[in-house]
Amino acid sequence: MKRYASRSDEFLTSNYYNLKADLPDLPKPPLNPMTREPLGPEDLLPLFPEGFIRQEVSLERYLPIPDRVMEAYAMYRPTPLIYATELKKHLRTPAHILYKYEGVGPTGSHKSNTAIAQAYLAAEEGVKTLTTETGAGQWGCALAQAGALFGIEVKVFMVRISYRQKPGRRTMMELYGSRVEESPSPLTEAGSRFYAEDPDHPGSLGIAISEAVEMAARDGAVKYSLGSVLDSVLMHQSVIGQEAAGQVQELGLSPDVIVGCVGGGSNFAGLAFPFVRRNLTEGANIRYVAVEPESCPTLTRGDLKYDHGDSVGMAPLLYMHSLGMDFIPPPIHAGGLRYHGMAPLVSHLVDKGIVEPVAYGQEKVFTAARTFLMTEGILPAPESSHAIAAVIDEAVRAREENRESVILFNLSGHGFLDITAFEEA
């Protein structure tokens, strides 16, 4: 078996794939937080560029990727599809293990796929400043790089525990010219509520979202950008799965199970959704496993309900699995997975029984990360390590059942800037 699929341009896609076009029924629509009526495109104008809003509400199956975005993607796409030869040997499994390695992106994760798209859409409309939140910092770094690429100032509210645990990512954002603030901060009304109670509050993505949304809402010259959850963000990530489909075929394989970690849902959806289309339209029977931390078990223990995406009720109400807008997760090292809600489209697929959610503890996750480092030679991000833990379980199960299975997962980022997490684990 070849170790790598080729990285030929033939695997590049010129379109984003929109899963909504193939769903028999759509998730319940977002609601206006003030009126609790279905959200209209005009309700989003204070926060987002019009081009982004058009993508968010689109029901077209494929949306063309703009030429300038394709040029930016050419820095690193197509990303490698790698056959995990050494991990397979170590586990003594008949399973074929494949991973799509998004860590080769400009800032080391899949987040650049949507950061570049969103920065381009903002720049096309003359937006000068974007504000956003970030957990572990992958998204903040990606948007900082994309902002620099398209001449946009970026202001980032970084969850405090990650700001202190991961100074390397803060430094990277600042090198790109972005301004980074610890969240909760005293700079916004939303942040002040938590900062006044405890200046060392560990923070959460919900609080950081509230601060970023508030800054955009009170300044007409500023727009908001986010790295997960919304339909259009998941659609931007579909470049991952579309490339992987061709690369897996080149190796003469077809996936039986697809695995990804989930916080807001974007990297899982990016790999899985183009394959989910096969289940919906071609009768395929691929399994989809979404892996979350036990300390923030949104899919496995959260309720499917309308809830705010932020912690103070400024953001739209989304119909999603949620632990509640007031939930403050423990300060685990997988900061990108510390979110109380889940992408409505991922929640919808879980509700329909298409996606299987599982939750893993941090000790098991870091053991899996070390195994992957020793076998495949790549230090995975703590977030991606959740997927690896599930992949190892799937491969061991195939060994015990003497069953050949094809396991595909998304290695959504490297862990070079998370090295302190491994020191402390």
Out of (1) at pLDDT below 95; (2) of a type in the set (A, V, I, L, M, F, W, C); (3) closer than 30 Å to A398 by Cβ, the odd one out for I97 is which? (1)
Output the qualifying pairs, or none if there are none: Cβ atoms under 7 angstrom, residues six or more apart or on different chains, first residue in the range 203-216 and farther than 12 Å from H340 by Cα and aliphatic (A, V, I, L, M), second residue part of a helix (DSSP H, G or I) and modelled with pLDDT of 90 or more. none
At least 3 residues that are in contact with a Phe, Trp or Tyr (Cβ under 9 Å, 6 or more places away or on another chain) and farther than 18 Å from S412 by Cα in each: list the strands (runs of 3 or more DSSP E) lying fully within the range 289-397 that qualify. 303-308, 317-322
Just to be sure before I move on: is G147 outside any helix (DSSP H, G or I), small (G, A, S) and over 30 Å from D393 (Cβ atoms) in the structure I sent? no
For the range 183-196, indicate whether the set of residues that are at negative phi, out of contact with any helix residue (DSSP H, G or I) (no Cβ under 9 Å at 6 or more places or on another chain), surrounded by fewer than 24 Cβ atoms within 10 Å (Cβ to Cβ) and in contact (Cβ under 8 Å) with a residue 12 or more places away in the chain is non-empty. no
E214 outside the structural domain of V358 (by TED's automatic domain parsing), more than 17 Å from the chain's Cα centre (by Cα), part of a strand (DSSP E or B) and surrounded by fewer than 24 Cβ atoms within 10 Å (Cβ to Cβ): no
Inspect the range 103-110 for any residue being closer than 23 Å to F416 by Cα, more than 16 Å from the chain's Cα centre (by Cα) and assigned by TED's automatic domain parsing to the domain that holds G260 and give the result as yes or no. no
Pick from the range 285-304, criterion of a type in the set (D, E, K, R) and touching a residue at least 40 places away in the same chain (Cβ under 8 Å), ranking: farthest from M342 (Cα to Cα): R287
Go over the candidates V248, V276, V259 one by one and state the one that is assigned to a strand (DSSP E or B), more than 26 Å from Y195 (Cα to Cα), assigned by TED's automatic domain parsing to the domain that holds R403 and among the β-branched types (V, I, T). V259
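The values are calculated or read from the model by the stated rules, or taken from the named source; none is laboratory data. Only a predicted model underlies this, so the values are computations on that prediction, with no experimental measurement involved. In this analysis, Cβ positions are derived from the backbone assuming ideal geometry, glycine residues included, and neighbour counts consider all displayed protein chains.
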